[in-house]
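Chemist: For reference, the structure I am asking about is given below.
The values are calculated or read from the model by the stated rules, or taken from the named source; none is laboratory data. Keep in mind that what you see is a predicted model, and the values were worked out from it rather than measured. With ideal geometry, Cβ positions are generated from the backbone for all residues, glycine too; neighbour counts draw on all protein chains shown. All accessible areas refer to the heavy atoms of the entire protein, side chains included, with ligands and DNA or RNA removed. Shrake-Rupley method; radii C 1.70, N 1.55, O 1.52, S 1.80 Å.
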Amino acid sequence: PMLAALAAGSATTLAVVIGLARLLDIPQPVLVSLAPKSVTSGVAMGIAEALGGDPTLTAILVILTGIIGAILVTPMMNVLRIHDMRARGFAAGLAAHGIGTARAFQVSEVAGTFAGIAMGLNAFVTAILAPLALHLLF
């Protein structure tokens with residue numbers, strides 16, 4: 001289940017970002033800076049820079065993603081009636097990286113642990129998927 005969630009979360013994030021960017025006619029350098037927004041800032045900045053994006057813009061987008069994710073994760077999990085702390089933490093780390101992980105640790109040690117696992121795995125998967133997805137577009 002964790003591998004499926006990881007694959008789905010990483011792929012969905014990239015697909016949504018790329019789809020919205022194309023729909024809104026966002027320039028390629030901004031799209032490249034936006035693509036790795038759901039991984040921790042150091043990794044995201046490296047991905048963006050390697051692909052020709054702006055690492056500073058990426059850092060800002062990563063922080064905004066983390067803050068929004070940390071704010072929304074608990075209410076969203078409550079609405080979805082997901083009570084398993086492992087699943088809640090994994091979702092927080094996957095979508096909201098370090099800030100989401102910090103929030104998950106405030107809720108539960110188990111949630112925080114799974115958020116940390118998700119954050120690390122998502123950084124690895126996104127570092128592979130983002131260049132592939134962007135290469136297919138451009």
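Chemist: Taking the chain as the reference, fit the longest principal axis to its C-alpha atoms, fit the long axis of helix 2-23 to the helix C-alpha atoms, and give the angle between the two in degrees, 0 to 90, nearest 10.
Modeler: Helix 2-23 sits at roughly 40 degrees to that axis.
Chemist: With Cα extents along the principal axes in Å defined as stated, name the option among [x] 41, 24, 24; [y] 62, 32, 31; [z] 52, 33, 25 computed from the structure displayed.
Modeler: From the options [x] 41, 24, 24; [y] 62, 32, 31; [z] 52, 33, 25, the structure gives [x].
Chemist: For the chain, modelled as a GNM with alpha-carbon contacts under 10 angstrom, which of Met45, Met76, Met119 fluctuates the most?
Modeler: Met76
Chemist: In the chain, with Lys and Arg counted as +1 and Asp and Glu as -1 at Cβ, which of these residues, Ile117, Ala104, Thr13, has the Cα nearest the positive end of the dipole, that is, farthest along it?
Modeler: Ala104
Chemist: Specify the angular offset, from 0 to 90 degrees and rounded to the nearest 10, of the alpha carbon long axis of helix 85-107 from the longest principal axis of the alpha carbons in the chain.
Modeler: Taking the Cα atoms of the chain, the angle to 85-107 is about 40 degrees.
Chemist: Enter the angle in degrees (range 0 to 90, nearest 10) between the Cα long axis of helix 55-79 and the first principal axis of the Cα atoms of the chain, meaning the one along which they spread out most.
Modeler: Approximately 30 degrees, to the nearest ten.
Chemist: Taking the Cα centre of the chain as origin, work out the dipole magnitude from +1 charges on Lys and Arg Cβ and -1 charges on Asp and Glu Cβ, in debye rounded to 20.
Modeler: 300
Chemist: In a GNM of the chain with a 10 Å cut-off on Cα contacts, which of Gly98, Gly66, Gly120 has the highest mean-square fluctuation?
Modeler: Gly120
Chemist: Percent relative contact order of region 91-138, based on C-alpha pairs within less than 8 angstrom and at least six residues apart?
Modeler: Details: 39 pairs, mean separation 16.2, N = 48.
Dividing the mean separation by the residue count of region 91-138 yields 34 percent.
Chemist: Once neighbouring chains are kept in place and the probe is 1.4 Å, which whole percent of the accessible area of the chain is contributed by carbon and sulfur?
Modeler: Accessible surface attributable to carbon and sulfur in the chain totals 73 percent.
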